[in-house]
């Protein structure tokens, strides 16, 4: 029996989910980040529009704001809150 190893890059997944829940975000720079209050103020992922402006995963939120002041930032994905509340 042979093994198959598949690598699926889902780096933009969380940003895509936010765009699905908020269609007005589609086509605009968007980043998902940890909460600054809990000292996790880094970009977790971003959509391709934000990446084209130089936004990168693990970049500090402050650095991202300097590169793109009008970036839309979501600190906790909406769907994640819904899932947690249903547990």
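The values are calculated or read from the model by the stated rules, or taken from the named source; none is laboratory data. Predicted model, so just to flag it, every value in this text is computed and none were measured. Cβ: placed from backbone, ideal geometry, glycine included. Neighbour counts: every protein chain shown.
Quick notes on this one:
- Selection count where residues are modelled with pLDDT of 90 or more, surrounded by fewer than 18 Cβ atoms within 10 Å (Cβ to Cβ) and in contact with a helix residue (DSSP H, G or I) (Cβ under 9 Å, 6 or more places away or on another chain), scope segment 26-58: 7
- Those residues of segment 51-70 which are in contact (Cβ under 8 Å) with a residue 40 or more places away in the chain and within 11 Å of residue 29 (Cβ to Cβ), in sequence order: 70
- Inter-residue pairs, beta-carbon under 6 Å, first over 14 Å from residue 64 (Cβ atoms) and in segment 32-48, second in a loop (DSSP other than H, G, I, E, B) and at pLDDT below 70, 6+ apart: 35/75
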